[in-house]
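**Student:** Mind looking over this structure? Questions follow.
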Amino acid sequence: DVLGCGYCLNTGQIFFIMNSKYLGIAYIGLFYTWYPSIGSNCVCSLKVNFGQDEFKYKE
């Protein structure tokens, strides 16, 4: 599975994507400075895209 999390600077909204399907808005009105990060509670292998590659989901 591919999980995506997006942030809209204009609206302060955070939304989620799974396998290129839009899952909806999780939070609104979040106008802060953001520092993207990922955490895990187990050993795993991840491929992370912070924008260096084109995103499959287009708003």
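**Student:** Skipping prolines and chain starts, which residues have an amide H placed within reach, meaning under 5 Å, of the one on L30, given they are 5 or more residues away or on another chain?
**Tutor:** Q13
**Student:** Net charge around G4, counting only other residues with Cβ within less than 10 Å of its Cβ (Lys, Arg = +1; Asp, Glu = -1)?
**Tutor:** In short, +2.
**Student:** Further question: Tell me which label goes with the value of Kirkwood radius over Cα pairs in Å computed from the coordinates here: [x] 12.9; [y] 12.6; [z] 12.0.
**Tutor:** [x]
**Student:** Pull out the extension gain between L30 and F55, defined as 0.36 nm times the separation in residues minus the alpha carbon to alpha carbon distance; nm, one decimal.
**Tutor:** Full-extension gain reported as 6.8 nm.
Every number in this text was worked out from the coordinates using simple rules, so none of it is lab data. Everything numeric here is computed off the predicted structure, so don't read it as measured data. FYI the Cβ positions are ideal-geometry reconstructions off the backbone, even for glycines, and counts take in every protein chain you see.
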